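The values are calculated or read from the model by the stated rules, or taken from the named source; none is laboratory data. Nothing here was measured: the structure is a model prediction, and the numbers come from that model. Using ideal geometry, Cβ is built from the backbone for each residue, glycine included, and neighbour counts are taken over all protein chains shown.
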Amino acid sequence: MTEIELFIFDIDGTILLEDKLLPYAEETIQFLNRLNKKIYFLTNSSTRTNEEVAEHLNFLSIPAESSDIITPVSLISSYFRTYSEVPRVMVIAGDSVKSELAKAKIILTNNPDEITHVLVGLDKEFSYKKLNSAAEAVRKGAQLIGLNPDPFCPMKNGVIPDAGTLIKAIESASNIKAKNIIGKPSKFPADYIFSKTDLAGEKCLMIGDRLDTDILFGSNAGMNTALVLTGVTSAEEAENTNITPHRIYEDLSQLMKELSLNTKSIT
């Protein structure tokens, strides 16, 4: 564990649930800061900008700068900049996504004859009308792009449908699969992390509560992985999967304990 230089934390189900910190989250981040370890927060949430996520974490006593945050929203502008022609995007997501694209001077449109991309995140006002318009645009040649594949999002009192559910609905209505997914487990967050840190995967530890996004992302990127059982994955599910994390923790106190033991062993 002493060789790990970068600790990458999922947020929902790992650090917090809505406005409630999960056990030992604050203490773990403080401990890593004392060890002078680099920390990123990598979330699949598509409802907030980096600045909004950092503000929320700081409000809950988790120190974070906007530059420490990686979201599908923060990655989408660079994704669209790879196109030679300016994309014309239909957005099915919250205002934070629209504002990020507007800052990048991406054209937003709901005209099915103009749309080059249908971008889908968590939209709490999703409707049959939006589904029909999105499916029509995709059938006419627009690329379907998902911000994250999560079918549901953990909350204090259960779960709510997430972007993955909406993406599946549009895929079904158009009979066309999504071209790309921006968030975990895709390669886009890893490309960003490696370009910013110049670290190899084995120097990184991805910590999260979902096997099919957090752990799969870390494994695909050649990172060390740790599953925490404070979110959507149960101990039974963790034992019966072909996605195998390097470590499984009941909560973040076990990460802190392992770090503490390893630190003492070299002092």
* To do: Would you point out the residue of segment 102-115, among those that are part of a loop (DSSP other than H, G, I, E, B) and within 24 Å of the chain's Cα centre (by Cα), that is surrounded by the fewest Cβ atoms within 10 Å (Cβ to Cβ)?
  => Lys105
* From the list Val138, Val159, which one is free of Cβ contacts under 8 Å to residues at least 60 places away in the same chain and either of a type outside the set (A, V, I, L, M, F, W, C) or closer than 22 Å to Val73 by Cα (or both)? -> Val138
* From Gly183, Gly218, Gly201, Gly222, grab the single residue that is modelled with pLDDT of 95 or more, on the phi > 0 side of the Ramachandran plot and within 20 Å of the chain's Cα centre (by Cα). => Gly222
* To do: Being within 22 Å of Ala93 (Cβ to Cβ) and among the β-branched types (Val, Ile, Thr) is the filter here, so list the residues in segment 1-57 that pass it.
  => Ile11, Thr43, Thr47, Thr49, Val53
* To do: With respect to Phe80, determine if the residue is outside the structural domain of Ile11 (by TED's automatic domain parsing), surrounded by 14 or more Cβ atoms within 10 Å (Cβ to Cβ) and closer than 18 Å to Asp162 by Cα.
  => no
* Structure fact -> Residue hits (segment 86-110; among the charged types (D, E, K, R), out of contact with any strand residue (DSSP E or B) (no Cβ under 9 Å at 6 or more places or on another chain) and touching a residue at least 12 places away in the same chain (Cβ under 8 Å)) are Glu100, Lys103, Lys105
* Write out, first by first residue and then by second, each pair whose Cβ atoms fall under 8 Å of each other, whose residues are 6+ apart or on separate chains, and whose first residue, in segment 38-60, is farther than 24 Å from Ile215 by Cβ while the second is surrounded by 17 or more Cβ atoms within 10 Å (Cβ to Cβ) and among the β-branched types (Val, Ile, Thr). => Thr49/Thr71; Thr49/Val73; Ala54/Ile69
* Out of curiosity, is Ser127 more than 25 Å from Val232 (Cα to Cα), out of contact with any Asp or Glu (no Cβ under 7 Å at 6 or more places or on another chain), surrounded by fewer than 17 Cβ atoms within 10 Å (Cβ to Cβ) and hydroxyl-bearing (Ser, Thr, Tyr)? -> yes
* Does Pro189 meet the test of being surrounded by fewer than 19 Cβ atoms within 10 Å (Cβ to Cβ), under 20 Å from the mean Cα position of the chain (by Cα) and either in the same structural domain as Thr116 (by TED's automatic domain parsing) or touching a residue at least 60 places away in the same chain (Cβ under 8 Å) (or both)? -> no
* How many residues does segment 169-180 hold that are assigned to a helix (DSSP H, G or I) and either under 13 Å from the mean Cα position of the chain (by Cα) or surrounded by fewer than 16 Cβ atoms within 10 Å (Cβ to Cβ) (or both)? -> 1
